[in-house]
Structures are given as C-alpha cells and as structure tokens.
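Undergrad: Before we start, here is the structure in question, set down as structure tokens.
The values are calculated or read from the model by the stated rules, or taken from the named source; none is laboratory data. None of the values given here were measured: they were computed from a predicted structure. Counting neighbours? That spans all protein chains shown, and the Cβs are built from the backbone with ideal geometry, glycine included. Each accessible area value is taken on the protein alone, full model and side chains, heavy atoms only, with ligands, DNA and RNA left out. Shrake-Rupley method; radii C 1.70, N 1.55, O 1.52, S 1.80 Å.
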Amino acid sequence: MDLLMEGGGMNGDAAMQELQGIQDIQGIQGMEGLEGMEGMEGMEGVEGIGGMDDMDGMGGTMALDEVDLFGDPVMDSALAGLPSRSLPSKALLQRLDEMRTRGCCQTIAWSRQGTIASISKDAMSIDLRFIRCNPDTAEWELSEPSSWSPPSPPAPNPPTTISLASTSAPFVHLAWSPTVVPELAVLDAMGRLTLLSFSISSNQPYHTRRWEADAADDLHAVVGCYWLPPGMAPNKQYNIIHGPATKTQSEYKYEYQAYPASGPWHPNLSKSALLCVTTNGALRLFYTQNSSRLEETALELESVTSSDELITHASICSDKNTLLIALATASKQLRIVRVNIQWGLPQVDKQVPPQSLTLAPSLRESHVAVTSWSHHGPSEIDFGVSVSQLSRIEILPSAQISPGPSQPMAPPLVLTVRSYIPQDTSAYHQESQSIIDRWEIVSDQPQSLHPAFEQLGSKNGTTSTPPTMTRLRKLEPIILPKVAVSITTAQFGRVLCFAFSDGTVQYRNRLTMEEIYNEPDTESIMHPLQVGFRYTNDTPCLQVAFSPTNCSFVQLCEDLTVKWNRLHYQMDDPAASLQNADQKPIRVALALALSGTGLSQGFCDILAMARPFAQTPDFASAWVREIVNMLKVAVDYSENAHHEQLAKNTPLQQCLGVISHLSFRGDFKPRSRGGRFAMLALGVRSAFVVITVAVNTPMNMKEKVILMDDPDVVDAVTGCARWGLTLLAWLTDSLFELLEDPELTAMLSGPKRFPELAKYLESKNDVALQLLLCSSTRGFLSALCRRLQQVENLSNRTAQYYETRMQLQQQQQQDTTAGAAASARPPPALFHAYQRMERAISSALVKVSSFDRILSELSTDIQAAYRKTLSGLVAANVKPQAASNLTEQQQKQHNEQFIRNARAHCELDMLLGHNPPPSFREVLVKLFSVTLPAFRTQTDRSKLYFASYDLLDVANNPIALAKRKAAGKYVDVFKRVELIVGPRTAKQTAAGGGGGASPEDGGSGHALLAQGGKSIMANGEESSATTSGNGSGEDNGMASYRAALMGTWTGMGNNNGPQWRRCVRCAAVVGDLYTAKPGYNFVLSQQRKCVCGGNWGTVPRGT
C-alpha cells in the first residue's frame, strides 16, 4: 500500500481521510483487529467487514497484490447478475453497411395491387409472391415464390470480347408504380433499369423495358428513385382521409377530411413516370408516350468533379406541382433541388384529349438550400464514425395541418437516419439506436427596406425587391433505441411507419413525431391497433415492406427468408371466444382500415384480419353495412334502369366480394346463404360485362378487328350465354318451389307473419327471391336478359348468313371438280363457333324474353310500393315549425332526399339478407298468385327439375360436393365452362365425365374422348387441332376450350398440363390461356381482376 501511495503522489494521511466517519455504514463488520493501520480509528462499529481479527502483525503495511483497493470483486459480482448483450448478427451489420453506401437498396417491395417482389439470394432473379386464401382451408397465407429472371441478351454485332458475365450486375433495388396496372422497376448495381408490367396476373410479368441498352458504368448507379403519383381529373385533385370514427352513445359517426393533392403527374391519367437520381448527379425521367412507346430524358442536377461530390443518397417527392429532391453527398452535404416538369404538349383545341398528343417533356432545376447533415444534437452521444454515416434519407412534401380552405401548411420535411449498433457484449456500452434528424424547408419573407434606401432607387428609377430566401431549419432530433430498417408514409404523408430490425413497428405523427395508435381507444377510432389488434411473432429482420393498407408487412429475415406478419385480434382473456368480444369497434376499425385503399387497391390483409370473425353470426353483413355507410356506396337502383352505371359501380362489386369471401370455407364446401347470393350476383355482373364488351367493338378497334369475327371470342360469349341461361332456369325452378311451399304462402297471407320471411328463406338457403327483390341484382339480371336476347338475334342472323352463303357456293360449283373439292372442305372455324352458339341458345329451358318481362313487371310494382309508402312517411316526418322556415323548393328537395335515404336503407337491408319492407308483401302476393302461375304454364316443370346446374356451382349437398371433388370439377369463371383436374379413370371416361344429368350426381351428361390425337365430342364433331405435350394444342389451348363448350375440358388433367389462375380471395379458377389474337386478348383483358374484385395469381393446376 505504501508503494501505491508513494507512486501516486499521495501520503497515507490524505488517503485515509477519505475513510473517516464511516463507522455508521452498514455492511462492513469485524475490523477490531486493525490496530496496525493508521487512520482507521473509530471504525469499530462498522458492520460488514469480518474475518480480519488476525491482522495484528501486519505492521501497518500491505502488499499491493494482497488487497484490491478499488473493490473489483464487488463490481464483478454486481455485473454478473446483468444479462449479457447478444452480438448483432453478421447479416444485420452487412445490411447496415449496404444502407450506408447505397441509397437505393430496397430488395423487397409490396405493390398496391398485392404483388410482393423480392430479390433472390443470388441477386440475379426476382421472386414474386402474394398473400392468398388457401383453397382447401380458406385461411390466409403467403404463396410460394414464382421466379423471374431476365432473358439472355442477344449476341452483340459485331462480336465483342466482353462477356455477359462481366457486364451483368446484381439486382439491388425494387420500386412499384402506383398505377392500376402495376409496373415494377428493377435496378441493378450499375443503374441499369428493367421494367416489368403485371397486367393480368400477380406473378406473371412481361417486359416493357429491357436493361441491355443502358451503359455499364458505376457512376450511373441509382441512389434514389420515385414514381409520379397517379393522375387526377382537374375537378377532383384532392385526397380524402376517412376517420376518425367518433362514438356517440352506442353508434359511431364517421368523419372525413379532404386535402389538396399535388402533382406533377403524367398527362395520361392512367400512366405514371419514373425518375432516378444517379451517383454522378443526373436525373433521368422514363415516361410512356400515349402510343405506349417508352422514352427517356435526363437533366444534370449536380456537376460532379471529385469523389467528395458524389451523391450517396437521394429522395424525391411531389410538392406544389413540382419535384423536391433531397441529395446527400459524400462530403456530408444535404442539398435541396426543385425540379419543374414541362410535358411539352402542343397548343390544340380543348376538345382534343391529352391522351392523344405526343409528349416532349423538359426538366428545369433550381437549387433551393444546402447544409450539412452531420451536425450532432445536444442530446446525442457521439459513438464515433459509425453514427456519423447516413443510412437513409426521406423528403416529405408540404402538408395541410387541418382540412378546409385557407388552412396553414406545414413546410416540406427532410428526414435522415443514422444508426448505431454496439459490436461487443459489454454491459457498459449503450444500446442500439437510430437518430432521426429533421429539417424543415422554410421560405423567409423578404425584409422591407428602410424608406431612405427606397428613395435611392436605381439609375433607371425602378426599385428591386429582395428575393425570397429558402433555408433548412434544423429541428430537434428523435432518438429511437432501435435500428430503423424502413420508413413508409401513410394517410398521404401524414403518418410515418417505422420498422425496426427487431421486427417491431411504430406509427408516428409526421408533424409532432409522437407515437400514435399505441393506446387503446374505442371512443375515437382511427386504426385497428386502438381496438385490440396486435402484431405477433416479432422476428428479427433486415428489411420490411408494408402492405397498401399499412396493416401488415412482409419481412426479409436474417436468413433471407420472407415472412408475412399481420395484425391479430387479442382478447384480454385468452380463454374467451372471439364471439364474446365487442365487435362494434372492431367492425368500425376494419372499415376505416379498408377505406384507405378506396376499394381500388389491394386490401387482402384486411380480409385476413376479419377472417377469424367469419363464423360470428351476421358479422359479414354488419361489416359491409359499415363500409357502405362510410363510403356512401350506391345500392339503390330502383329508379335507375341504366345498366352501364350499375356495372361500373366498383365499390358495390367489392362489397359483394367481401360477403363472398367471408362465406368461403374452402373448395367443395357449402356456402352460407349470403355467400351464395353474392357469388351469383357477381357471376351475373361478369357474364353481362363479357358479352357487352364482345358484341360492342370499340370504335378505335373496328378498323383493325371485329371482336365477334374471332371464333375464340364467339366461344367465350357462348360460354357466358350458356351460364346465363342455366341461371335463369335455376332461378325459375327455385321460384316454382317457393310457389308450391305452403309455409311461404302462409307468411304472405297476412302482415303478422311477414317479418319471418327472411329467416325462413335463410333456413332453406334460398336466394332466388332475394336476387329478384334487390334493385341492384334485379338490374344485373335484367341487363343479362337484354344481352342474351342480343346474342340470340346475332346467332340467328349469322346462321342464316352462312346457310345462304353455303347454298350459293354449292349451286355455283356443283358441276365442276374444283367445286366438289371446295364443297367437301369443312366450313370455316367461325361458322362452327356460331353453330355452337346457336345450339346453346336453342337448348334454353326458359324463354329469356318471358323472364325479362317478369323482371320489368316486378320493378314497376316495387317502384309503386316505394312511392305509396314513402310519400306517407314524408308527410308524417315534416314538422310544422321546420316547414315554415323552408321555401317550397327547399322543402321539395328535403322530401326527395328523405325518400332517397329511406329507399337506400331498405335496399341495403335486402342486399344484406334482411326482411323486405312491409309494403313489399302486396308485391310478393301478386308475384306468387298471378305472375309465376302464368309463367309456369309456359315452361316444362319436369325439365327444370331434372336439369343439371353444375355450371352454376351452387350445390350445397355434401354428397354432390364430395362427388365433384372426387371428379376434380371446377368452373372457369371467365369462359363459364367446366375444368377437370386430375387423371380420369376409364369408368369416368366411358360415363362421360362421371355423371348423368341428375342434380345429385353433379355430372354434365357430356363425354369428351381422345382418339388418335384428335378430340371427338359427344355430338360426333371432330377437332383437328394437334395436341402438344402439355395438352393445350397448337392453337394455345383453344381447341380444348372449344371442346369444353360441348362438355368438360380434360386438358388440365394432363401431367404436363398448363397452369391456371386462381383468385387470391375467393379461389375462383380461370384457365390461363394466351393467344396471339388481339380480339380475344382484348376481351380477356377486361377480366383483369376476378369477378369478386380480387387479383389473379398463377399457380400450378390443382393448387
């Protein structure tokens, strides 16, 4: 000890003075034997130091190696109780280094239509996934990946010594366009761009731009890219945010906020444009001409002359019809540039649409402000070089603080992220953290000059106005104790979604940066997190991509696997059932989450959140009611007979799709009454749309092709027409069963039992009457009847034309040898197609015109019932005091609005399966006592009873469903033909598909045999198409499709058969057929989505 004190320049007395007066300290005991140590007097009462009674002979000195003066053993024992920190994974460290060195490195992205793209492990291909409803279990899952890799480029001419391997670079970044038809931008490490379009299937792209034309130069590497927002009509340039939903007593009132939208956007509202910032300071604009030709223009943002001036990170946003670009350089500078896009449209007549003009865009830039992004805030801890490296930059446009005109605007905001990860297990070091630096781009008003200076003026007598100065105002940084790996905006930039490397997420207010949605709140609902939904199974990850609704996300885990994480509802009591939960706020929260997509983008994750509640009685109908009331979906068409407007009502289609999905329990499993109703209503709409598109060739196509001159289009129309005729027969048979039902007759005999009608129909699982009473579905049926009559007239005229033509040819050429050979040649394929159409129309069991008259008469009676009932309600609703304060015109408008609201309420009730209004009892009495009995005399009741309705896929009999499953029978929802999956036994082949015409069998009663490489149909007609190895034939499967019109299609049953497309929501099936014929492809393109509104996913047959 003397050695220590002497070497440290301290004497014994000074050292021991620090120990005086501690005799009252507890925990040091047994120091009575320290007589030989100076300065230790008075410590006899100190507790806690024992076992030192034998130290009398030490003579006041101790060796340094015998006593530890600083108490290290005590500290070591204290630290031993602390948990050791795990080392960060090597993958996370590599990811952080990649984010610091490369501005564009997002290798997983989720499109607005539902496709999830990720770069493969070798970085040379793209894996495409989507979330889908499992066809067997009806549970939501992430699909298996479908790989896409770029085709090999053509050989250079003249040959070069540079090989493809030396010029190829790994893919490093993915970015989705916001358009209805999504495009995926794929960028490699040298900035070369590939564009993929997903027009029909979620995982089947085709090229719109190849990368071979781009130069292989590291200086062209992209550090920031941005797709222009979707265009808006001049009178609708605003964004609507629904919510919050405020609780008033037992109901919720929905609020909505309208905020102005900002361009620039592509002159063609259906297109977008891609902007890329390169390392050497160039801005590249890729845009599509109205002729669909892709072109490019460029602008030099910065003149890079040294390595310090290279741009490492960039971010772009649209603000006030210009582009704001934030640039981070290698010299730690933050630069803001504003770019204006002039599309170069010529001055023409206003009647000429912009979509028909040639674009000649030009870019003009202006430098706004510059600062350094490496300033440390007062609350930061400097960890050295690692935290002084930028890992991400984001720029957000100016935002209106509150809705309404003349409201203040928050200035544009720049965010940068700097992350720190400790790389040892010592407990002394700080935790991982991310520092969010913020700058506001503010414009200072010019200061006014003193009047004395204004009098000076200039030589020419004019005065100059000081320019407006724009600067970056630094805000207090936000320090988060995690590593941020992703930042996404929601609610049009007003909410920021942060994703972290530990798998957790946070939602923060853009203006205050405070965390939101982290507290339960059922009084004012804005997000499902407020009502009990939670993310579960947090998994460490490297990257995150949020869904279009921002209510789920996919993670690129540390082992480079992709995982989907969605919100789950958690009960306070784990043993409680979901049916015991308060479902009103749950439905409201789900409706608000779905409204963010406008029912035009993918919201499959919202359906997955609602799926656990599907077994709860009336959950689907109650949720759809919330959606209709919030989004003001039109459901009343009792006074409107314009079928085109009804077909274009996409929100109504999506609502029916929600009901259809929640009733789906898996393939070949019974559906609920609401599910059958929604499925048939959507089927009627789809058949009407296909026939309408096919028989009405657009004007811009008539010079090139007539759609109904294509045999494949005719066959598609024939399939839809056959399905429609089968539906009318099934509806007629169902109505006749109700006509003979004494229980129903008793309910209609008086008003006392009439309220029991809906429950009785639900017990019978009958939807025929509901389809007729709802104005929307009745309108679809009426529109389909008109189209079927149009197809019938077209078929008759075409058959007469061909018969007359063939007779003339035979008369002119019957005396010559050449004429005999010509007459022996088979008729053209178009003639055969119209023959099949004529046979389908002539085999109808119900006369279409008669059924249409029933619908028209029923519509007239319902309109009269509405007028009679609602006029009395209006008179009873008018208050004398209120009437005196309104003019006659105002009172009339008030009454009309009241009638519209009351009628819409009744229509929504019937759409959701509730009882029709009491005034409909007289309408139904007339229908079942006069109209249907007269119609029954015009039909063959026995043929309706024994007919096969398998094409409608409405069987709920478990035995019939089991037989269809064993036979592998599916229905193509586009062409409306049966598809057979799986090998067919000899018994099934001989029996013609395994069934007769009995409704119990579920068989089609038709045979399709294979003989000598030709397809021979049940009527003896022969198809001469030569089949290939995949069973699809030389005409891309159309021969098999034509055979399907005569019965069933066995092409899907071959081992190497083609794939098919399945709906990701309802698991409906479409044979994946592509031809080189523009007419058929045009009709097929109208079914870009499923009949329920869901997206298509191409999967192997049978899955």
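Undergrad: For segment 501-560, what D do you get in µm² per second when you plug the Kirkwood radius from alpha-carbon pairs into Stokes-Einstein at 10 °C and 1.306 mPa s? Could you put the intermediate results ahead of the total?
TA: Working: Rh = 12.9 Å.
Here the translational diffusion coefficient equals 123 µm²/s.
Undergrad: Taking the simple approach of a point 7 Å from Cα along Cα-to-Cβ for both Leu219 and Gln809, what is their distance in nm?
TA: 6.8 nm
Undergrad: Just need the Rg to Rh number for segment 882-930, please, alpha carbons only, Kirkwood Rh.
TA: Values: Rg = 15.8 Å, Rh = 13.1 Å.
Radius of gyration relative to Kirkwood radius: 1.21.
Undergrad: Compute the length gained on full extension between Leu269 and Ser763: take 0.36 nm times their separation in residues and subtract their Cα-Cα distance, giving the result in nm to one decimal.
TA: Numbers: separation 494, 0.36 × 494 = 177.84 nm, distance 4.86 nm.
Using 0.36 nm per residue and subtracting the Cα-Cα distance, I get 173.0 nm.
Undergrad: Between Glu431 and Ala634, what is the label-point separation in nm under the 7 Å Cα-to-beta-carbon projection?
TA: 5.4 nm
Undergrad: How much length is gained if the chain between Arg941 and Gln579 is pulled fully straight, taking 0.36 nm per residue apart and subtracting their Cα-Cα distance, in nm to one decimal? Don't jump to the answer; show the numbers that get you there.
TA: Values: separation 362, 0.36 × 362 = 130.32 nm, distance 4.43 nm.
Full extension of this stretch gives 125.9 nm more.
Undergrad: Next up: Report Ser577's accessible area, 1.4 Å probe, all protein chains in place, as a number in Å² to the nearest 10.
TA: Accessible area of Ser577: about 50 Å².
Undergrad: Taking the Cα centre of each part, how many Å lie between segment 195-242 and segment 534-603?
TA: Cα centres, segment 195-242 to segment 534-603: 27 Å.
Undergrad: Among Thr371, Asn321, Tyr254, whose Cα sits farthest toward the positive end of the charge dipole of segment 246-374 (+1 at Cβ of Lys/Arg, -1 at Cβ of Asp/Glu, about the Cα centre)?
TA: Among Thr371, Asn321, Tyr254, the one farthest towards the positive end of the dipole of segment 246-374 is Tyr254.
Undergrad: State the extension gain, in nm to one decimal, for the chain segment bounded by Gln570 and Ser842, taking 0.36 nm per residue of separation less the distance between their alpha-carbons. Don't jump to the answer; show the numbers that get you there.
TA: On the way: separation 272, 0.36 × 272 = 97.92 nm, distance 5.74 nm.
That works out to 92.2 nm of additional length.
Undergrad: Say each of Ala123 and Lys669 gets a label point 7 Å from the Cα, pointing the same way as Cα to Cβ; how far apart are those two points in nm?
TA: Each label point is offset 7 Å from its Cα along the Cβ direction, giving 4.4 nm.
Undergrad: According to the Kirkwood expression over distinct Cα-Cα pairs, how big is the hydrodynamic radius of segment 695-781, in Å?
TA: Details: mean 1/r = 0.0617 Å⁻¹.
So the Kirkwood estimate lands at 16.2 Å.
Undergrad: Next up: For segment 517-612, rounded, prolate or oblate, judged on the Cα gyration tensor with a ≥ b ≥ c (square roots of eigenvalues), a/c < 1.5 rounded, else prolate if a/b > b/c? Please list the in-between numbers first.
TA: Details: a/c = 2.04, a/b = 1.37, b/c = 1.49.
Oblate, because a/c is 1.5 or more while a/b does not exceed b/c.
Undergrad: Determine which lysines satisfy two conditions relative to Lys704: a Cα distance under 23 Å, and not lying fewer than 8 residues away in the same chain.
TA: Leaving aside lysines fewer than 8 places away in the same chain, those within reach of Lys704 are Lys1077.
Undergrad: Still on this model: Starting with the highest mean, order 776-785, 306-315 by the number of other Cβ atoms within 10 Å, averaged over the residues of each peptide.
TA: Numbers: 776-785: 24.4, 306-315: 18.4.
So the peptides 776-785, 306-315, ranked by packing, come out 776-785, 306-315.
Undergrad: Let me ask something else about it. Between Ala746 and Arg853, what FRET efficiency follows from the Cβ-Cβ distance if R0 is 30 Å, with the result rounded to 0.05?
TA: Details: r = 28 Å, r/R0 = 0.94.
E(calc), rounded to 0.05, equals 0.60.
Undergrad: I'd like the FRET efficiency for Lys892 and His642, computed as 1/(1 + (r/R0)^6) with the beta carbon distance as r and R0 of 35 Å, rounded to 0.05.
TA: On the way: r = 24 Å, r/R0 = 0.68.
Efficiency for this residue pair is about 0.90.
Undergrad: Could you sort the peptides 798-808, 177-187 by per-residue average Cβ neighbour count (10 Å cutoff), highest mean leading?
TA: Numbers: 798-808: 12.8, 177-187: 21.3.
So the peptides 798-808, 177-187, ranked by packing, come out 177-187, 798-808.
Undergrad: Pairs to check: Lys764/Lys965; Lys563/Lys1089; Lys332/Lys563; Lys253/Lys474; Lys121/Lys482; Lys121/Lys969. Give those whose C-alpha atoms are more than 29 Å from each other in this structure.
TA: On the way: Lys764/Lys965 24 Å; Lys563/Lys1089 26 Å; Lys332/Lys563 35 Å; Lys253/Lys474 39 Å; Lys121/Lys482 26 Å; Lys121/Lys969 38 Å.
Distance filter (> 29 Å) returns Lys332/Lys563; Lys253/Lys474; Lys121/Lys969.
Undergrad: To make sure I understand the rule: partners must be lysines, Cα under 22 Å from the Cα of Lys247, and not fewer than 8 residues away in the same chain. Which ones qualify?
TA: Filter leaves Lys584, Lys632.
Undergrad: Treat every Asp and Glu Cβ in segment 159-318 as -1 and every Lys and Arg Cβ as +1, leave all other atoms uncharged, and give the resulting dipole magnitude about the Cα centre to the nearest 20 debye.
TA: With Lys and Arg at +1 and Asp and Glu at -1, about 780 debye.
Undergrad: When the solvent-accessible surface of protein heavy atoms is calculated with a 1.4 angstrom probe, in what order do Asp667, Asp136 fall, highest first? Don't skip to the answer; put the middle values down first.
TA: Details: Asp667 25, Asp136 105 Å².
Largest accessible area first, the residues go Asp136, Asp667.
Undergrad: Okay, moving on. Could you sort 966-978, 94-106, 471-483 so that the peptide with the highest average Cβ count within 10 Å comes first and the rest follow in order?
TA: Result, highest mean first: 966-978, 94-106, 471-483.
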